[in-house]
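Data first, discussion second: the structure below is written as structure tokens.
The values are calculated or read from the model by the stated rules, or taken from the named source; none is laboratory data. Keep in mind it's a predicted model, so treat the numbers as computed, not measured. Cβ: placed from backbone, ideal geometry, glycine included. Neighbour counts: every protein chain shown. These area figures cover heavy atoms from the full protein model, side chains too; ligands, DNA and RNA do not enter into them. Shrake-Rupley method; radii C 1.70, N 1.55, O 1.52, S 1.80 Å.
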Amino acid sequence: MALSNIRKKTIQKAPKMALFAEMGLGKTFAAAQLKNPIFEDLEQGMGKVKTVDGKDPHAFSDSKSFSDVMANIDQLINEEHDYKTYVLDSLSKFELFVWQETMNRYNIDSMEANWYQGYQKAVVLWLEYLKKLELLREKGMTIMLIGHVDTETVDDPSVEVPYRRYVLDVHKKARPEIIQWLDCLFFAQMKKGTVIVKQNGKTETKVKQSADERIVWCNEQIFCQAKNRYALPDQLVLDWDVIRSEMVK
């Protein structure tokens, strides 16, 4: 019997991405440089951010709950529009909506109730959100989730001492589900390097940080979470034209 239902060519869909970094790096500004963005502006921090053509980004700005955010996505799924990128700003803020909806839905007073079972129940809502975003992506929209940064201690048995790394600032129960769903998790920072300084007859090696060059880490590093499904190099400049050109190689 002949094999059937076999796809012989990879289908290139719009990417599902997240960008996370420490405060002040310009995450919102960077997301606004993507094509025709519409923001879920939960942070209310657009400020003087402009799109690549110098216009004010469009945004849903009155969302107060999980259901509000989901309803906004439904509008983008069901109505005609010219938006090409959906931006959530930010995951940390949206998580507060997820937690409130979890407590309402499961009739619990706090996320810590019943031995912290609220956080596990919240994963169900996160999966509902990601499933809704998948429908949006099927319409050809790029997904960009903006994240804040946290740190965690990693006790890796392959090395002799624990180490700390930057991680996406969402609860540890939900974080793996979000990262698994993403095509790209980019950790952004100012470019850093080392310089040799001679002073008072002594030579020292010091860390020097660029004043204006932002980079993204595209693959897991010992100091940060990161991933991609496009065989990107470890490090790229935070420029979507550059990143896009690497994606389509």
For this session: Could you check, for region 62-79, whether at least one of its residues is in contact with a His (Cβ under 9 Å, 6 or more places away or on another chain) and part of a loop (DSSP other than H, G, I, E, B)?
Result: no
Exercise. So which residues in region 77-89 are hydrophobic (A, V, I, L, M, F, W, C) and buried (at least 18 other Cβ atoms within 10 Å of the Cβ), if there are any at all?
Worked result: Val87, Leu88
For this session: Taking the residues in region 42-76 that are over 19 Å from Lys132 (Cβ atoms) and under 19 Å from the mean Cα position of the chain (by Cα) as candidates, determine which candidate is surrounded by the most Cβ atoms within 10 Å (Cβ to Cβ).
Result: Pro57
Exercise. Can you pull out the residues in region 110-123 that are of a type outside the set (Ser, Thr, Tyr), surrounded by fewer than 16 Cβ atoms within 10 Å (Cβ to Cβ) and part of a helix (DSSP H, G or I)?
Worked result: Ala113, Asn114, Trp115, Gln117, Gln120
Seminar exercise, completed: Over region 127-179, the set of residues touching a strand residue (DSSP E or B) at 6+ places or on another chain (Cβ under 9 Å), assigned to a loop (DSSP other than H, G, I, E, B) and buried (at least 16 other Cβ atoms within 10 Å of the Cβ) is Met141, His148, Asp169, Val170
Exercise. Can you name every residue in region 19-56 that is in a loop (DSSP other than H, G, I, E, B), more than 23 Å from Phe97 (Cα to Cα) and either aliphatic (A, V, I, L, M) or in contact with a Phe, Trp or Tyr (Cβ under 7 Å, 6 or more places away or on another chain) (or both)?
Worked result: Leu25, Gln33, Leu34, Asn36, Val49, Val52
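Condition check: open to solvent by 50 Å² or more (accessible area, probe 1.4 Å), hydrophobic (A, V, I, L, M, F, W, C) and over 30 Å from Phe223 (Cβ atoms). Does Ile38 satisfy that? I'd like the intermediate steps shown before the answer.
Numbers: open to solvent by 50 Å² or more (accessible area, probe 1.4 Å): no; hydrophobic (A, V, I, L, M, F, W, C): yes; over 30 Å from Phe223 (Cβ atoms): yes.
Answer is no for this residue.
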